[in-house]
Protein chains: 2
Amino acid sequence: MSPKAIVVFSGGVDSTTCIAIAQSQGYECIALSFNYSQRHVIEVEVAKKVAAHFGVEHRVFTLPSGQFGGSALTDKNIAVPQYSGSKDIPVTYVPARNTMFLAIALGLAEVSKAHHIFLGINTIDYSHYPDCRPEYLEAFQNLANLATKAGVEGEKFTIHAPLIHLTKAEIIKLGTKLGVDYGMTFSCYEPDENARACGQCDSCTFRKKGFEEAGVEDPTVYY
Amino acid sequence: MSPKAIVVFSGGVDSTTCIAIAQSQGYECIALSFNYSQRHVIEVEVAKKVAAHFGVEHRVFTLPSGQFGGSALTDKNIAVPQYSGSKDIPVTYVPARNTMFLAIALGLAEVSKAHHIFLGINTIDYSHYPDCRPEYLEAFQNLANLATKAGVEGEKFTIHAPLIHLTKAEIIKLGTKLGVDYGMTFSCYEPDENARACGQCDSCTFRKKGFEEAGVEDPTVYY
């Protein structure tokens, strides 16, 4: 029987590549997406289609983070900035987002008898979002094994971040090799009403540069 | 200005005592309750009244744990057992519950500029729920300071569990000294439709024994 894995899944380049990697390693995946009051629901719609394409179970849960705001991604009063190359933690940082995602993923994992959780974070975010660093992941894995019945009874949880040391270009090359159709994926923080990407936000900037550096044609439709 | 604290709050004996303790230590409290698809909503109604009694802000968030079940507290197909004195992790264990609670509390704390989180766990639960142990809390505090902008920028989070080494009787004695009216609080896992307690579940059993041992009259109404 294939081992089960929960893949935290937004329908973007990174988490889609994560599903392809987990499948190639023999995991039976459950893709887990969140409504966390992000600015647009396109993300969840795209995630649904991509999960169906991979033939994996897809769960969508709602988080209350929009009720406390504090980020350009969850509070419409805070503008999404254009890419600036700054090394500060940006206003698109969502307080405790990955901790909320992983906490729910852990609950679902334990109930589903999955002992693996995949998270598509990578080093490009390293100096920006604190909850994308290797030491953060290690701390969460330690917590997961103290927090749960499964962990205490010896069925250890492993948090996988197979992209953590890859650049966006390396991720795109790897995914392309695994057959990922990036035309299905979606990354923009501020799309227009036709789900076209802005090409200007941090997320678009990293994605665009990734395709360029990978020498892979960028399938993204920009407005 | 008083330091701010988030108090994870169910309206039961322990978390109500936690608010009294935090207030007595000079914290401005925000009480945080969850709809996590527990069997009855009385808990949240009681929490609302008790928070108002203490004059603290009360936030109620909904968690998706009912959508994955796996516990007698969130899945009506699993019966709530009567107290048996077993040292096994009981079926009332909710997978990753405290991790989900603390993750949301952490997000709210960071947005609210609160650097203290109070959790009313205690040693009575020690050998039962894995996410009520001191080493679990320590792991979460470590995670919190790696996960957040505030933590990385040096405004450390502290997770307080002032009841962790107290018995239920000691908690009730302490709260009584601080003026807590336990007649307002509610603990039962399986109340009747008039919000009367069963007196038989683990939670009722520990509560009842606590009042007895503390020599404080039990104000609970049982059916």
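Output the residues belonging to segment B:14-41 that are surrounded by 18 or more Cβ atoms within 10 Å (Cβ to Cβ), modelled with pLDDT under 95 and farther than 25 Å from B:GLU110 by Cβ.
Across segment B:14-41, the qualifying residues are B:SER37, B:GLN38, B:ARG39.
If the requirement is being over 14 Å from the mean Cα position of the chain (by Cα) and either basic (Lys, Arg) or closer than 21 Å to A:LEU102 by Cα (or both), which of these qualifies: A:GLY70, A:GLY55?
A:GLY70
Take segment A:138-180 and flag every residue that is under 16 Å from A:ASP14 (Cα atoms) and within 13 Å of another protein chain (Cβ to nearest Cβ). Break it down stepwise before answering.
Step one: of segment A:138-180, the residues under 16 Å from A:ASP14 (Cα atoms) are A:159-180.
Passing the criteria: only A:ILE159.
Given B:THR99, B:THR74, which one is of a type outside the set (Gly, Ala, Ser), touching a residue at least 12 places away in the same chain (Cβ under 8 Å), surrounded by 19 or more Cβ atoms within 10 Å (Cβ to Cβ) and assigned to a loop (DSSP other than H, G, I, E, B)?
B:THR74
Given B:VAL50, B:VAL94, which one is within 15 Å of the chain's Cα centre (by Cα) and at pLDDT 85 or above?
None of the other options fit; the residue is B:VAL50.
A quick yes/no check of all residues on (1) part of a loop (DSSP other than H, G, I, E, B); (2) in contact (Cβ under 8 Å) with a residue 60 or more places away in the chain; (3) surrounded by 16 or more Cβ atoms within 10 Å (Cβ to Cβ):
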position	(1), (2), (3)
A:LYS49	no, yes, no
A:VAL60	no, no, yes
A:GLY70	yes, no, yes
A:ASP88	yes, no, no
A:THR92	yes, yes, yes
A:ALA109	no, yes, yes
A:ILE117	no, yes, yes
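Go through segment A:140-174 and count every residue that is more than 21 Å from A:ASN98 (Cβ to Cβ) and basic (Lys, Arg).
So the count comes out to 2.
Matching residues to (1) hydroxyl-bearing (Ser, Thr, Tyr); (2) within 21 Å of A:PRO219 (Cβ to Cβ); (3) away from chain B (no Cβ under 13 Å):
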position: A:ILE6; (1), (2), (3): no, no, no
position: A:GLY12; (1), (2), (3): no, yes, yes
position: A:THR16; (1), (2), (3): yes, yes, yes
position: A:GLN25; (1), (2), (3): no, no, yes
position: A:ALA31; (1), (2), (3): no, yes, yes
position: A:LYS48; (1), (2), (3): no, yes, yes
position: A:GLY70; (1), (2), (3): no, no, no
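For B:VAL80, which of the numbered conditions (1) more than 9 Å from chain A (Cβ to nearest Cβ); (2) surrounded by 17 or more Cβ atoms within 10 Å (Cβ to Cβ); (3) free of Cβ contacts under 8 Å to residues at least 60 places away in the same chain; (4) touching an Asp or Glu at 6+ places or on another chain (Cβ under 9 Å) fails to hold?
(3)
Any chance segment B:147-156 includes a residue that's farther than 27 Å from B:GLY26 by Cα, of a type in the set (Asp, Glu), surrounded by fewer than 21 Cβ atoms within 10 Å (Cβ to Cβ) and without any contact (Cβ under 8 Å) to a residue 12 or more places away in the chain?
no
Restricting segment B:123-143 to residues that are in contact (Cβ under 8 Å) with a residue 40 or more places away in the chain and buried (at least 19 other Cβ atoms within 10 Å of the Cβ), which is nearest to A:ALA139 (Cα to Cα)?
B:PHE140
The values are calculated or read from the model by the stated rules, or taken from the named source; none is laboratory data. Owing to the predicted nature of the structure, the values given are computational and were not obtained by experimental measurement. Cβ atoms come from the backbone with ideal geometry, glycine included; neighbour counts cover every protein chain shown.
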